[in-house]
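A short worksheet on the structure shown next.
The values are calculated or read from the model by the stated rules, or taken from the named source; none is laboratory data. In this text the structure is predicted, and so the values were computed from the model without any measurement. FYI the Cβ positions are ideal-geometry reconstructions off the backbone, even for glycines, and counts take in every protein chain you see. Just the protein is used for accessible areas: all its heavy atoms, side chains included, with ligands, DNA and RNA removed. Shrake-Rupley method; radii C 1.70, N 1.55, O 1.52, S 1.80 Å.
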Amino acid sequence: MSDNSDNHQAAGLEPISHPLYDTSATFRMARRQLDQCAAAIDLHPDVLRRMAIPKRAMVVSVPVRRDDGKIETFAGFRVQHSLTSGPSKGGLRYHPMVDLGEVAALAMWMSWKCAIMNLPFSGAKGGIAVDPSALSLGEKERLTRRFTEEVLAIIGPRMDVMAPDMGTDEQTMAWIMDTYSMKVGYACPEIVTGKPVEIGGIIGRREATGRGVVMTAMAAFAELGIRPETATAVVQGFGNVGSVTCLELVKRGVKVIAVGDKTGATRNPKGLDIQALMAHAATGASLGKFKGGEELDAAELLTQQCTLAVPAAMERVIDEKNASKLKCRVLAEGANGPTTPGADSIIQNSDIYVIPDVLCNAGGVTVSYFEWVQDLQQYFWSEKQVNEKLEELMLGAFHRVNGLAKERKLAKRTAALVLGVQKVAKEMERRGLFP
Ligand code: NAD
């Protein structure tokens, strides 16, 4: 809290703070990044003030009848960081630790990400504080449908469009689409992205984030003169983003030598068999018990010697304690907010090449954009078209960020944020007070 207030006060301005959000370490982290970026571009204080606090947040109670007949109520959140650049866009997360501040931070990052990618969206995020693995399919459906009803007033295809995130998937999006469609009285696929292909989803959305991570990692390798066949990788998180990242790396000849998730971690210096690891994970067994590797202390995962480290699970996993122990050449941030600002300062003084989250994991929202356009037009693309366009947009953004970092001698994260924040700032200034 004090870091952000101190920066602002040093500039002779009233500190920007908000009691609802400031208690969250993740929100304070997003704010600190914004302040650092604002200082680098001399952002007008009035614009900074608008950007520092979300435009709108909704907190709802979501009652669910459990299979045993008891009723349990969960806390749900939807935060729209801004509506300046178009409808707000962002995932829905089911995780026991979800809170308003975390969701607000993720919503802010979505604003910068959409702007870096030049997508006509503002940032949003949602979440329910629940452990989805403790719910039956029916309970999850009732929870999702009730949450949709509760936030109905602030969502819509031209207002706020959800997508999957941690703990949610295509099925979750199908329930939201159906609940919303029943309300408006017609099938409305454009209310969510990341839904099944049968009901208006796009081919390749599920894989898009992991694919994008690997596209940017390969671009970094090319710049550093690293041949993928000689490279090794370590991946934290083996859900949607982590597993697809592993598969895409293997396709390009990279050896994935260690993988971890919330159940544990496994290591094989000769390269893990990812398909076999996926089959093992699907049984619910701990990754540490995988027969094709040796068990690894999960705390040691990201600090293994490797060419490429990919955090693809939680935020703030690289902090001041472990940043100096990283032994990778490239850090590709598949997760949102995996590196704290304190860790960033340590990494900036090393030779680690960082691909910041707002760029690295933007493949998901980019293909979500294609899906939204496709649904609005009722005109469907082939997988080849999706992947080619994804690569064009990812590499375009990668080179824009790189170019700016070189030109202005900025860290990659600051360069990425500068691109995003400046675009939104220009739009805010043009539109005036109302967006
Ligand atoms: P997911 O639910 O499919 O998978 C999450 C993975 O993280 C699981 O393997 C889980 O076991 C692991 N995990 C959870 N807690 C952990 C811990 N404490 N230590 C180690 N591993 C842990 O979620 P996902 O969609 O793959 O999202 C992962 C990250 O990527 C999140 O930060 C999310 O915000 C970000 N992201 C996702 C998308 C997307 O399209 N799904 C897009 C952009 C960013």
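What the table shows:
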read-out	value
For the chain, share of DSSP beta bridges that run antiparallel, in % to the nearest 5	45 percent
Contact order normalised by residue count of segment 241-394, Cα under 8 Å, 6+ apart, percent	15 percent
Formal net charge of residues neighbouring Cys306 (Cβ-Cβ distance under 13 Å; K, R +1; D, E -1)	+4
Beta bridge orientation in segment 220-316: antiparallel %, DSSP, nearest 5	45 percent
Dipole moment magnitude, nearest 20 debye, segment 197-238 about Cα centre, only Lys, Arg, Asp, Glu C-beta charged	40 debye
Charge-dipole axis of the chain as Lys and Arg at +1 and Asp and Glu at -1 on Cβ define it, positive-most pick from Gln171, Met215, Pro54	Met215
Cα centroid separation - segment 48-91 against segment 280-302, whole Å	34 Å
Average accessible surface area per residue within the chain, 1.4 Å rolling probe, Å²	41 Å²
Extension gain, Glu383 back to Arg227 (0.36 nm per residue minus Cα-Cα distance, nm)	53.5 nm
Computed magnitude of the charge dipole of segment 203-278 (debye, nearest 20; Cβ of K, R +1, Cβ of D, E -1)	80 debye
Segment 151-193 and segment 399-429: distance between their alpha carbon centers, rounded to Å	32 Å
Reach of Lys251 by Cα under 29 Å, taken over lysines that are not fewer than 8 positions away in the same chain	Lys113, Lys195, Lys262, Lys270, Lys289, Lys291, Lys325, Lys327, Lys384, Lys389, Lys412
Rel. contact order, % - alpha carbon contacts under 8 angstrom, at least six apart, the chain	15 percent
Cα-centred dipole magnitude for the chain, charges only on beta-carbon of K, R (+1) and D, E (-1), debye, nearest 20	500 debye
Carbon plus sulfur fraction of accessible area for segment 215-370, probe 1.4 Å, in percent	50 percent
Relative contact order [Cα under 8 Å, 6+ residues apart], segment 158-210, whole percent	34 percent
